[in-house]
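To start, the structure under review is shown below, and the notes come after it.
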Amino acid sequence: MSLLVVGLSHRSAPVSVLERASLAAETQAKLLQDTLAAEPAVEAAVLATCNRIELYADVDKFHAGVAELSTLLAQHSGVGLDELTPYLYVHYEDRAVHHLFSVACGLDSMVVGEGQILGQIKDALALGQELHTAGRLLNDLFQQALRVGKRAHSETGIDRAGQSLVTFGLEQLAAGADVADWARGKRALVIGAGSMSSLAAATLARTGVAEIVVANRTRARADRLVEILAQPGGTGVAARAVEMAAVCDELTRADVVVSCTGATGLVLTAEAVAEALGLDVADAVETPAAAPAVPAPTDVDRHAAWVENGSAGAVRQAVRRATVPAQGTGPVRLALLDLAMPRDIDGGAARLDGVRLVDIESLAEASADAPMAADVDQVRTIVSDEVAAFGAAQRAAHITPTVVALRTMAAGVVAGEIARLDGRLPDLDEKQRAEISQTVRRVVDKLLHAPTVRVKQLASEPGGAGYADALRELFDLDPQTVAAVSRADLNDPNRGRS
């Protein structure tokens, strides 16, 4: 196994870099295809969410793989390699497995314990399967990550360690007040009708807002979300859908706005917010503070160590403090929650009097000091155990084709000897021939049983990769037979389907 992951997330990069590096669906597909075309990679999968972009690959060379994957991420994200490199992290083999399992459990999320990441991992696997870039290793890895994540949520209280990003964002908007009391009677505008926007609409409905207006680029999706909100036995909230062109008009009537679209540009400008509130548009012009210079490591391979020594963490915090916009003054007339990446709402809106803006970056700041529950330690134990089990299973699976080839060779020898016996003793009846054949097969099976069981056990242990080579050498196994068994297993249409 030569699993490599190169990526960046809210833990390693400021939001300004993450939103520029975000990958559209068609870009993800092209990235996967180009990764497979690169020499070091034989499998590839990409996990792209609002706060992380990670490229997973099965590579045959570590240094060449790091260089190639980093270059591909830079090319497809549109962020120059020199600028991107300081924010990249690299994990290899067991550390890469540990990282993905931690992500699946919500340990690496902006809000610890959130479960939405499981759906995003499933989508990443589905894309790799659809494009045939995910082979045996990545199918096994991502399927196991989904199982580990589900186990963490079912066996621990990790859900209590944090809240969903929507709930956490609303708590930040409420600024310490009870969310239900704060939201009661308010008019909410939800921009977007995807999974996160739908979750936001449902959460707002449960908190007791008086009305929800849904705006989406595709009107049919907005209508569908409104139908779901208005279903019998639901929350009973008044809901209606509007075209995106009506957003500015609706803004004048809204108390709360939640936006999460896939747009590459701003959906709400500071000027539009100012105009909706009847403020001077000049007040919406923001002069962003300059970000501190970030010292780049001499090469990507040193980046992991550079992060560990703490300097990168200090720089990230400085960047965040410098780029989070100052909030306006006075009573809050309009609360804005921006859950999109890249951002939907102009950060300059936060400087307007009567406006409170919470976005991905401010959520990262707010959650940085959140206390770790005891459940988090329990999940970490689960992750460590699952990483060890996955590594043992992969090492054991590596020797399976060799064991199958050995048994195939033994069966061929038995068949040849039985055929030779038939020629020398043609007078044997069917019962005698069957008894002799069965006896010979039993002898061979018993001779092979203990060695094959033991070699699988040894191969599953760390450093056991050489046992397959030893077995092939000792029994002079045909390499083509072993390769044929591996190909048959890899091409099994039922393998790794989510």
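The values are calculated or read from the model by the stated rules, or taken from the named source; none is laboratory data. These numbers were taken from a predicted model, which means no experiment stands behind them. Ideal geometry is used to build each Cβ from the backbone, glycine not excepted, and the neighbour counts take in all protein chains shown. Accessible surface is based on the protein model in full, side chains and every heavy atom, while ligands, DNA and RNA are left aside. Shrake-Rupley method; radii C 1.70, N 1.55, O 1.52, S 1.80 Å.
Tally the residues that are open to solvent by 40 Å² or more (accessible area, probe 1.4 Å) and among the β-branched types (V, I, T), restricting the search to region 70-125. The number of residues fulfilling the criteria is 1. For G113, the stated conditions hold: it is under 30 Å from I158 (Cβ atoms) and touching a residue at least 12 places away in the same chain (Cβ under 8 Å). For region 46-62, does any single residue satisfy the condition of being outside any strand (DSSP E or B), at pLDDT below 95, more than 26 Å from E130 (Cβ to Cβ) and not small (G, A, S)? Yes: region 46-62 contains one or more residues that are outside any strand (DSSP E or B), at pLDDT below 95, more than 26 Å from E130 (Cβ to Cβ) and not small (G, A, S).
For (1) at pLDDT 90 or above; (2) part of a helix (DSSP H, G or I), each residue gets a yes or a no:
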position	(1), (2)
G233	no, no
V247	yes, yes
T261	no, no
T264	no, no
E275	yes, yes
A282	no, yes
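Evaluate region 262-270: report whether one residue or more is over 13 Å from L189 (Cβ atoms), touching a helix residue (DSSP H, G or I) at 6+ places or on another chain (Cβ under 7 Å) and buried (at least 22 other Cβ atoms within 10 Å of the Cβ). Give the steps one after another, and end with the answer.
Within region 262-270, the subset over 13 Å from L189 (Cβ atoms) is 262-266, 269-270.
Retained after the next criterion (residues that are touching a helix residue (DSSP H, G or I) at 6+ places or on another chain (Cβ under 7 Å)): 270.
Narrowing further to those that are buried (at least 22 other Cβ atoms within 10 Å of the Cβ): 270.
Looking through region 262-270, at least one residue is over 13 Å from L189 (Cβ atoms), touching a helix residue (DSSP H, G or I) at 6+ places or on another chain (Cβ under 7 Å) and buried (at least 22 other Cβ atoms within 10 Å of the Cβ).
A search for C-beta distances below 7 Å between a residue of region 399-413 that is over 13 Å from V455 (Cβ atoms) and any residue that is part of a helix (DSSP H, G or I), counting only pairs 6+ apart in sequence or on different chains, returns T408/T481; A410/V444; A410/L448.
Can you give me the number of residues within region 183-192 that are open to solvent by 10 Å² or more (accessible area, probe 1.4 Å) and either of a type in the set (G, A, S) or without any contact (Cβ under 8 Å) to a residue 12 or more places away in the chain (or both)? Give the derivation first.
Our first condition is that a residue be open to solvent by 10 Å² or more (accessible area, probe 1.4 Å); within region 183-192, this holds for 184-187.
From the residues that got through so far, the ones that are either of a type in the set (G, A, S) or without any contact (Cβ under 8 Å) to a residue 12 or more places away in the chain (or both) too are 185.
Counting residues in region 183-192 that are open to solvent by 10 Å² or more (accessible area, probe 1.4 Å) and either of a type in the set (G, A, S) or without any contact (Cβ under 8 Å) to a residue 12 or more places away in the chain (or both) gives 1.
Selection of region 398-407 for residues being open to solvent by 40 Å² or more (accessible area, probe 1.4 Å) and of a type outside the set (A, V, I, L, M, F, W, C) yields H398, T400, R407.
Once region 202-232 is narrowed to residues that are of a type outside the set (A, V, I, L, M, F, W, C) and touching a strand residue (DSSP E or B) at 6+ places or on another chain (Cβ under 8 Å), the residue that is least open to solvent (accessible area, probe 1.4 Å) is N216.
If I filter region 408-426 for residues that are assigned to a loop (DSSP other than H, G, I, E, B) and surrounded by fewer than 16 Cβ atoms within 10 Å (Cβ to Cβ), do I get at least one hit?
So in region 408-426, the residues assigned to a loop (DSSP other than H, G, I, E, B) come out as 425-426.
Now narrow it down to the ones that are surrounded by fewer than 16 Cβ atoms within 10 Å (Cβ to Cβ): 425-426.
Within region 408-426 (the criterion being assigned to a loop (DSSP other than H, G, I, E, B) and surrounded by fewer than 16 Cβ atoms within 10 Å (Cβ to Cβ)), the answer is yes, since at least one residue qualifies.
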